[in-house]
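Below: one structure, written as structure tokens.
What follows is calculated from the coordinates using simple rules that are stated; it is not laboratory data. Note that this is a predicted model, so its numbers are computed, not measured. Virtual Cβ from ideal backbone geometry, glycine too; neighbours counted across all protein chains shown.
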Amino acid sequence: HKEETTKDEL
Amino acid sequence: MNIFRFAGDMTHLISILILLLKIYATKSCAGISLKTQELYALVFLTRYLDLFTDYVSLYNSVMKIVFIASSLAIVWCMRRHPLVRRSYDKDLDTFRHQYVVLACFVLALVLHERFTFQEVFWAFSIYLEAVAILPQLVLLQRSGNVDNLTGQYVLFLGAYRGLYIINWIYRYFTEDHFARWIACVSGLIQTALYADFFYYYYLSRIKQDTIMRL
């Protein structure tokens, strides 16, 4: 299942 | 990082460069909302609290510093620069941004991923970014005729938001991860604000141009 991303966006 | 995310970051950067260029070249900030610029400075300062604690990439760190520095420079010019500050449309820039800041902070206290200093301020910055353009949109609508650079500034900001949504869709289908729901929902609301504005603003401008030509 999918997991949330780390905060890698700006 | 996919091409949509990168293109989104670049249009965001270009929008800020357009604003700096306009202020530098014309020594004027006519048509620019100081309140929106202050909100963006607050957005970057509160979101990038992780600058020294969480390293993602050199690209991310450099962009964070560029966004913080450029937004502070714009606010400084509009408030302190002897020539630029004179052209500020104070009477047109009347949006009550303090209530928006308060509302976003309360929302961040209620809706966040974890109740920590960084996480609450991260959520606050996401909520605030979604509505930070409102004083600028109000100013544009009130001042009527807007110079090309100001129009292009808002256009590039809108493009940045649109590309980020495509980036989230792309990531959803290509990665095992999906973007954070707080950022997605706020991002959708923010993009809807731009879409609504573009729809009515450019539609009315096209109408006006047609009437002028006739």
Legend entry - Helix B:134-143 axis, angle to chain B major axis (alpha carbon atoms, nearest 10°): 10 degrees
Inset, instruction - Could you let me know the centre-to-centre spacing of region B:89-131 and region B:1-30, using Cα atoms, in angstrom? - result: 23 Å
Inset, instruction - Sequence neighbours fewer than 8 away in the same chain don't count; with that in mind, list the aspartates and glutamates whose C-alpha is under 18 Å from B:Lys64. - result: A:Asp8, A:Glu9, B:Asp9, B:Glu38, B:Asp50, B:Asp54, B:Glu119, B:Glu129
Inset, instruction - Return one number: the angle in degrees, 0 to 90 and rounded to the nearest 10, between the long axis of the Cα atoms of helix B:58-80 and the longest principal axis of the Cα atoms of chain B. - result: 40 degrees
Legend entry - Range in chain B, longest, excluding exposed trypsin sites (Lys or Arg not before Pro) [loop by DSSP; at most 14 other beta-carbon atoms within 10 Å]: B:115-214
Inset, instruction - Go through region B:78-129 and name the chymotrypsin sites (Phe, Trp or Tyr not before Pro) that are in a DSSP coil and have 16 or fewer other Cβ atoms within 10 Å of their Cβ. - result: B:Phe115
Legend entry - Within region B:31-65, chymotrypsin sites (Phe, Trp or Tyr not before Pro) in DSSP loop having at most 14 other beta-carbon neighbours inside 10 Å: B:Tyr55
Legend entry - chymotrypsin sites (Phe, Trp or Tyr not before Pro) within region B:128-206: DSSP coil, no more than 12 neighbouring Cβ in 10 Å: none
Legend entry - Most fluctuating residue given options B:Leu13, B:Leu139, B:Leu102, as computed from a GNM of chain B linking Cα atoms under 10 Å: B:Leu102
Inset, instruction - Go ahead and estimate [θ] at 222 nm for chain B from helices alone: -39,500 (n - 2.57) per DSSP H run with n ≥ 4, summed, over the residue count, rounded to 500. - result: -25500 deg cm²/dmol
